[in-house]
Amino acid sequence: MTFETIAAKLADYKGIDVATITMDSTFEDLALDSLDVADLVMQIEDEMGISIELDPEVKDMKALVAKIDEAKA
């Protein structure tokens, strides 16, 4: 469920087709720079009422979803 929510938000944010986003999509594949990622994470934090610690290892959807799930637990 987390992936689908984040993929939909990302697709809306970047104006891309949600079907092009997979768990293996890297931020580079999705044309996301560090500011895009930070903005997206802040939106997710606000909507979900969580705090996400991003580190340089978070470079793809799989890692981002894992961080979100970790923060929700």
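Here are a few things to note about the model shown:
- All positions within segment 1-40 that are open to solvent by less than 40 Å² (accessible area, probe 1.4 Å), in a loop (DSSP other than H, G, I, E, B) and touching a residue at least 40 places away in the same chain (Cβ under 8 Å): Ile21
- In segment 41-56, the residue that is most open to solvent (accessible area, probe 1.4 Å) out of those that are assigned to a loop (DSSP other than H, G, I, E, B) and within 18 Å of Thr2 (Cβ to Cβ) is Glu53.
- Residue count, segment 34-59 (criterion: more than 12 Å from the chain's Cα centre (by Cα) and not hydrophobic (A, V, I, L, M, F, W, C)): 8
The values are calculated or read from the model by the stated rules, or taken from the named source; none is laboratory data. It should be emphasised that the depicted structure is a prediction, and the values quoted were computed from it without experimental measurement. Counting neighbours? That spans all protein chains shown, and the Cβs are built from the backbone with ideal geometry, glycine included. What goes into the accessible areas is simple: the full protein's heavy atoms, side chains included, and nothing from ligands, DNA or RNA. Shrake-Rupley method; radii C 1.70, N 1.55, O 1.52, S 1.80 Å.
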